[in-house]
Amino acid sequence: SIAYALKENATLQVLDLGANCIGNEGAALIASALKENTSLQKLYLCTNRIRNEGAASIASALKKNTSLEVLDLRDNWIGNEGAAL
């Protein structure tokens, strides 16, 4: 899967997964990978039906990830609760 590859990859700097309908489950898998990845600088997850739960997974991962500089979550289904994370 892409999430597994992202965990193992040490060279990828930009990943655009926009408009893939990954939802909360996919967001959680990506978040797990972000905790280990040290090379990704830009991640585009716009228009993926991610809700508050998925946003929480990503927010948690960002506490450990030190390389990500750009995260695009536009046009997802994240409410005020998820945005506050």
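Can you tell me which residue is least open to solvent (accessible area, probe 1.4 Å) among those in segment 47-75 that are part of a loop (DSSP other than H, G, I, E, B) and under 20 Å from Ala5 (Cα atoms)? So that I can check it myself, show each step before the final result.
Within segment 47-75, the first condition is being part of a loop (DSSP other than H, G, I, E, B), and the residues that meet it are 47-51, 63-69, 73-75.
Narrowing further to those that are under 20 Å from Ala5 (Cα atoms): 48, 64-69.
Values: Asn48: 0, Lys64: 135, Asn65: 16, Thr66: 131, Ser67: 18, Leu68: 34, Glu69: 140 Å².
Here the answer is Asn48.
For segment 52-74, check the following and say yes or no: at least one residue is modelled with pLDDT of 95 or more and at positive phi.
No, every residue in segment 52-74 fails to be modelled with pLDDT of 95 or more and at positive phi.
Being in a loop (DSSP other than H, G, I, E, B), open to solvent by 20 Å² or more (accessible area, probe 1.4 Å) and within 21 Å of Ala83 (Cα to Cα): is that true of Thr38 here?
So Thr38 does not fit the description; no.
Checking the condition open to solvent by 80 Å² or more (accessible area, probe 1.4 Å) and among the hydrophobic types (A, V, I, L, M, F, W, C), which residue from Leu29, Leu12 passes? Give the steps one after another, and end with the answer.
On the way: Leu12 fails: open to solvent by 80 Å² or more (accessible area, probe 1.4 Å).
So the residue among Leu29, Leu12 that is open to solvent by 80 Å² or more (accessible area, probe 1.4 Å) and among the hydrophobic types (A, V, I, L, M, F, W, C) is Leu29.
The values are calculated or read from the model by the stated rules, or taken from the named source; none is laboratory data. Given the structure is predicted, the values throughout are model-derived calculations rather than measurements. Only protein heavy atoms, including side chains, enter the accessible area calculation; ligands, DNA and RNA are left aside. Shrake-Rupley method; radii C 1.70, N 1.55, O 1.52, S 1.80 Å.
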